[in-house]
1. Where the second residue is surrounded by 16 or more Cβ atoms within 10 Å (Cβ to Cβ) and small (Gly, Ala, Ser) and the first is outside any strand (DSSP E or B) and lies in region 62-82, which pairs have Cβ atoms under 6 Å and are six or more apart or on separate chains?
2. Under the condition of being buried (at least 16 other Cβ atoms within 10 Å of the Cβ), in contact with a Lys or Arg (Cβ under 7 Å, 6 or more places away or on another chain) and assigned to a loop (DSSP other than H, G, I, E, B), which residue from region 17-32 is modelled with the lowest pLDDT?
3. Determine whether Glu14 is open to solvent by 30 Å² or more (accessible area, probe 1.4 Å), modelled with pLDDT of 90 or more, more than 10 Å from the chain's Cα centre (by Cα) and on the phi < 0 side of the Ramachandran plot.
4. Which one of Gly81, Gly87 is within 17 Å of Val9 (Cβ to Cβ), more than 16 Å from the chain's Cα centre (by Cα) and surrounded by 14 or more Cβ atoms within 10 Å (Cβ to Cβ)?
5. Taking the stated definitions as given, is Arg56 open to solvent by 70 Å² or more (accessible area, probe 1.4 Å), closer than 20 Å to His29 by Cβ and either in contact with a His (Cβ under 9 Å, 6 or more places away or on another chain) or in a strand (DSSP E or B) (or both)?
6. Please determine, by comparing only the residues of region 142-162 that are of a type in the set (A, V, I, L, M) and open to solvent by 70 Å² or more (accessible area, probe 1.4 Å), which one is farthest from Leu132 (Cα to Cα).
7. Considering Gly65, Gly70, which residue is more than 20 Å from Gly22 (Cα to Cα), out of contact with any Ser or Thr (no Cβ under 7 Å at 6 or more places or on another chain) and either at pLDDT below 95 or open to solvent by less than 40 Å² (accessible area, probe 1.4 Å) (or both)?
Amino acid sequence: MRAIARLLVKPPGEGMLYLRPGRFVIGRHRDCDLIIDCQEVSRHHVLLEVTDASVRLLDQGSRNGTRVDGETTIQCLLDQGCQVQVGPVTCVFEWMEFLAPGDDYPTPAAEVQEKSEHALTAAERRVLNYLLEGLSEKAIAAKLELSRHTIHNHIKKIYSTYRVNSRSELLARFIHSGPP
């Protein structure tokens, strides 16, 4: 499924979370969808509930609170270009259809993607498919009845194979071409 929005961590290059319908957690815990490694950020700081038409932000009782466009909030709908402050970190929310053509994220050439797929084992391809569906490492481990450590090792191999460093980069590789 195609991403419909994204959250960019400022300054640019510090992180990005592509959003599609579902629920996404931002915080400092390793099971979050967007991990912000900062003591002022709660383990599970903010929840984003994404539908095709809206993105609702829900503060998860964070110690330092969440601000949207400078206002402290517990919950709100995100608008194009609004700034979300999670602890000391600021993120910018963007609907994908508002992006200029030059701002679009890159899609790898089909032949590079095919070569990468053949480098994965069947187990790694199953994990990849669950990653692309938006499941966390913990959820994938439960679904496949494997340890979180095993799933984490599969994910490290997937990232290495596709030459990416994060889930967001991996999703960007498949956003236009669909799952393997």
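1. Sorted first by the residue in region 62-82, then by its partner, the pairs are Ser62/Ser42; Arg63/Ser42; Asn64/Gly87.
2. If we take residues in region 17-32 being buried (at least 16 other Cβ atoms within 10 Å of the Cβ), in contact with a Lys or Arg (Cβ under 7 Å, 6 or more places away or on another chain) and assigned to a loop (DSSP other than H, G, I, E, B), then Arg20 is modelled with the lowest pLDDT.
3. Criteria not met by Glu14.
4. Criteria check complete, one pass: Gly87.
5. no
6. Narrowing region 142-162 to residues of a type in the set (A, V, I, L, M): 142, 144, 146, 151, 155, 158.
Those left that are additionally open to solvent by 70 Å² or more (accessible area, probe 1.4 Å): 142, 146.
On the way: Ala142: 16, Leu146: 18 Å.
That would be Leu146.
7. Values: Gly65 fails: out of contact with any Ser or Thr (no Cβ under 7 Å at 6 or more places or on another chain).
When all the criteria are applied, what remains is Gly70.
The values are calculated or read from the model by the stated rules, or taken from the named source; none is laboratory data. Predicted model only: the values in this text are computed from it and were never measured. Using ideal geometry, Cβ is built from the backbone for each residue, glycine included, and neighbour counts are taken over all protein chains shown. Surface accessibility is based on the protein's heavy atoms, side chains included, excluding ligands, DNA and RNA. Shrake-Rupley method; radii C 1.70, N 1.55, O 1.52, S 1.80 Å.
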